[in-house]
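Below is one structure, written out as structure tokens; comments come after it.
The values are calculated or read from the model by the stated rules, or taken from the named source; none is laboratory data. Predicted model only: the values in this text are computed from it and were never measured. Here the Cβ positions follow ideal geometry from the backbone for every residue, glycine too, while neighbour counts run over all protein chains shown.
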Ligand SMILES: [Zn+2]
């Protein structure tokens, strides 16, 4: 029995989060807008209109190129890809054919098993999106929504370097992380910000040949990527084992039924008659412009993760979680800085408290009203014994609700920990006075010590120092029998 | 002297002066122009075929549609501005005809094609909007070859097509035939045309008016229904060089809607007009006194000398300028001249075919009323019915030479030859070069206006009407055609000037000087036949 390996390359369409479309002044994001409500003469391809390039889209491509360690061309060109389709209003798509802005590069993808797999990037180019077509077969009509016409896209093409459906899925997870990290795209797969086509072939394990590949269209979620590729690998192995050849088909993934459907044979590929779009000048990056854009390139996720491990002594697990999102990692570092050290304690609070609050409120760390300085202040108060840990946790929601600082809230609401011996002794005495029978029980069952502490804590409305109470009860309770 | 002329025949600068000072109302100017249109244009402008009236053959038929009411409203607004002591602009009250290849908000913008017969533009092209902002009043849209594909205006879907005001049996030239004819016949004081291979200059030459193709990028193309996007230039058609300067002044400059419109300062074109030509180096090239073209029957390449009258008119212009102090430089070589038309055949058609893709019957324009089987069937029928013969020929040719297996042989090669043509001009205009020219002087056309039907139908021969003009479009340089006399048949002869990039000012200055030098020549006093009938 032969053993096979898969050879997978991805083509990803990335919707950029620019404010306006790539060649006109319409808003780029039409999410939730009624059909054809976010359009203008330019993106509808009216007679006589001309495209004007959105510089921000170029800047985002430059950032992506730099993050992928790619060659960013100082001069790139726009071409017309000519074909007819109702949702392509000009009858051609403006794209970058042979002189794309981003050429080459690679992307290191950490896998769940700890490997880091470098994936080569063939190219990434800028282009405009088409509209949406809805076929109402029953009514016999085709409806076109042009809101999406002219939305800026980057099409990113990888080399055939992925070896399993899982690797492809991880690539997409990490690419989504990177795009958000660089603020290039919202990278929301459900909203079509990332659309993926997968090229799949198989070969004998260890071989270097490239066999005919199939292209799977419309794999638009992480699970769909995993499932569609897995299904296609299985299908190809089945074909080969049955003595048949794999033909270069284009396949459509139906997520509902989890099945692949043949769309067409590749042999009938259209001639798009590409030529330079005479309506646009080349995208020329002056050295000053390029420098200014590259100056905004942040530290990348993997680098930051290793730095957190080395510089702050975080566990690999904590470091991974805290570098999931750029805003979260920025929050963590700001809190460490505000506290003046103690990164492990900060990480502990991040993992236990901040992440919970973020999840509950569905917010990102940068939007949180409980700022890194508030966290540092809270940690300081707990460490000083002014409040206990539980009060610290409770403070987070109070700060968010009131907009006041932790210190202000402690003073205003009397949240300071009760730790004076007299006060604590009075509390303990009151508990003993009310529960003589429990004192008897304690003689037989010393674990009731916790119960006494709990009663006293309740009396103090959670403000008492629990360790001090325990000490006091040990002194005042009669010795246990055992 | 100008004041003695009827209002429709006065130059733009005189009309604007009268309107701005209140001597004449803008309403009077517009009414006089509408009356002139009524008198000479023939049946009411329309896109519907009318009855075959023998009277049609004597009329100009420049307009496809008139916007008389809006024009009168605009005139009243300008008069009100004058009454309030405000300045309505340097073109105040000047009647403007617009080649119907430009979108103007609220007007049918048809490109002379059935495809767009009922398309009403929702926005206004930048050059037109700028002329309007300068006070010009758009009177109507004038005829052209369908999508500007032609050199005679005969291919318009809207017949009767425009006729030459000097001889109604002849074409006005094209594709801006309606622009040139309307200005020649006083049906507009100023027109905006487009020039892709001579489409402003050739009709200007045929109709005896001034036509200026500016440097590519000098005037925004926004709102111009594209033909060959890398070649198309909007420009003015006027009766005098001074009017061309005024019009260009209003139209020129950067445009946030057109990234190919250059962000360069626009000089004052009127200021230098009277400086004369002393010291200017003006070249004559033997390559522009003969034409090389394929014989229509054998296909053999032939060299032919130009008609002696056209050569003589060009030489006479050179001599007049020499007497005024210009230095005439003979024998300037432009070795790649004869490649202009073959290269144009390829490049313009690749761009045209792609530019026509948007006319698919989906969003606007003609959609078939026949029953359709599927999407492809709808495309085929809509485009088959909506496009005339010229667009179809250009689509076929454009698709062929840009196809994957032919592109390197035709399209890519044409682009390389285009670079060589550009270098011809760069070397003769180079201030450090051997020729150091300020301008080249050539005939505009190989013949004067030809008879209606004489050439139409032969796309190749028709294309050679642009042989002497097209290379300015390949090179992107400015060029101007001005009246240089008449042939024995009483048809105007055009003389052409080429200039260096962005140097329209020198061309306008030479043209203005030539007008002044020949002001008293007998041929200057001739009037188009259409005005005397
Ligand atoms: Zn738009």
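Quick check on region A:234-247. Is at least one of its residues over 30 Å from residue A:63 (Cβ atoms), buried (at least 17 other Cβ atoms within 10 Å of the Cβ) and in contact with a helix residue (DSSP H, G or I) (Cβ under 9 Å, 6 or more places away or on another chain)? Yes: region A:234-247 contains one or more residues that are over 30 Å from residue A:63 (Cβ atoms), buried (at least 17 other Cβ atoms within 10 Å of the Cβ) and in contact with a helix residue (DSSP H, G or I) (Cβ under 9 Å, 6 or more places away or on another chain). For the structure I just gave you, tell me whether residue A:10 is touching a residue at least 40 places away in the same chain (Cβ under 8 Å), under 24 Å from residue A:180 (Cβ atoms) and within 16 Å of the ligand (Cβ to nearest atom). Answer is no for this residue. Here residue A:341 passes the criteria (1) surrounded by fewer than 21 Cβ atoms within 10 Å (Cβ to Cβ); (2) part of a helix (DSSP H, G or I) except the one numbered (2). For residue A:202, the stated conditions hold: it is in the same structural domain as residue A:116 (by TED's automatic domain parsing) and within 16 Å of residue A:231 (Cβ to Cβ). Confirm whether residue A:210 is closer than 22 Å to residue A:118 by Cα and in contact (Cβ under 8 Å) with a residue 24 or more places away in the chain. So residue A:210 fits the description; yes.
Check B:32, B:83 and return the single one that is surrounded by fewer than 24 Cβ atoms within 10 Å (Cβ to Cβ), touching a helix residue (DSSP H, G or I) at 6+ places or on another chain (Cβ under 7 Å) and away from chain A (no Cβ under 14 Å).
Only one candidate passes the filter, namely B:32.
Across region A:13-23, which residue is farthest from the ligand (Cβ to nearest atom) among those that are surrounded by fewer than 22 Cβ atoms within 10 Å (Cβ to Cβ) and part of a loop (DSSP other than H, G, I, E, B)? Of everything passing the filter in region A:13-23, A:17 is farthest from the ligand (Cβ to nearest atom).
Being without any contact (Cβ under 8 Å) to a residue 40 or more places away in the chain and surrounded by 18 or more Cβ atoms within 10 Å (Cβ to Cβ) is not true of residue A:326. Of the residues making up region A:248-283, just one is touching a residue at least 40 places away in the same chain (Cβ under 8 Å) and exposed (fewer than 12 other Cβ atoms within 10 Å of the Cβ), namely A:270. Within region A:64-98, the residues that satisfy the criterion of being more than 14 Å from chain B (Cβ to nearest Cβ) and assigned to a loop (DSSP other than H, G, I, E, B) are A:68, A:69, A:70, A:73, A:74, A:96. Applying the criterion of at least 2 residues that are under 17 Å from residue B:162 (Cα atoms) and at pLDDT 95 or above to the helices (runs of 4 or more DSSP H) found wholly in region B:8-102 leaves B:26-40. Applying the criterion of at least 1 residues that are within 14 Å of chain A (Cβ to nearest Cβ) to the strands (runs of 3 or more DSSP E) found wholly in region B:233-303 leaves B:233-238.
Among the residues of region A:409-422, write down those that are surrounded by 14 or more Cβ atoms within 10 Å (Cβ to Cβ) and at pLDDT 80 or above. Once the filter is applied, which keeps residues that are surrounded by 14 or more Cβ atoms within 10 Å (Cβ to Cβ) and at pLDDT 80 or above, region A:409-422 yields A:409, A:410. Note on region A:112-133: residues that are within 14 Å of chain B (Cβ to nearest Cβ) and away from the ligand (no atom under 16 Å from the Cβ) total 1. Filtering region A:139-148 to residues that are within 16 Å of the ligand (Cβ to nearest atom) and touching a strand residue (DSSP E or B) at 6+ places or on another chain (Cβ under 7 Å) leaves A:144, A:145, A:148. Restricting attention to region B:106-126, report how many residues are more than 11 Å from chain A (Cβ to nearest Cβ), part of a helix (DSSP H, G or I) and surrounded by 21 or more Cβ atoms within 10 Å (Cβ to Cβ). Total meeting the criteria: 0.
Any residue at all in region A:64-86 that's crowded, with 16+ Cβ neighbours inside 10 Å and within 16 Å of the ligand (Cβ to nearest atom)? No, every residue in region A:64-86 fails to be crowded, with 16+ Cβ neighbours inside 10 Å and within 16 Å of the ligand (Cβ to nearest atom).
Per-residue answers, yes or no, for (1) within 27 Å of residue A:199 (Cβ to Cβ); (2) at pLDDT below 95; (3) in a strand (DSSP E or B):
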| site | (1), (2), (3) |
| --- | --- |
| A:252 | yes, yes, yes |
| A:256 | yes, yes, no |
| A:260 | yes, yes, yes |
| A:271 | yes, yes, no |
| A:278 | no, no, no |
| A:288 | no, no, no |
| A:293 | no, no, no |
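Of the set (1) in a loop (DSSP other than H, G, I, E, B); (2) more than 15 Å from the ligand (Cβ to nearest atom), all apply to residue A:30 but (2). Restricting region A:33-56 to residues that are away from every other protein chain (no Cβ under 12 Å) and more than 14 Å from the ligand (Cβ to nearest atom), the residue that is surrounded by the fewest Cβ atoms within 10 Å (Cβ to Cβ) is A:34.
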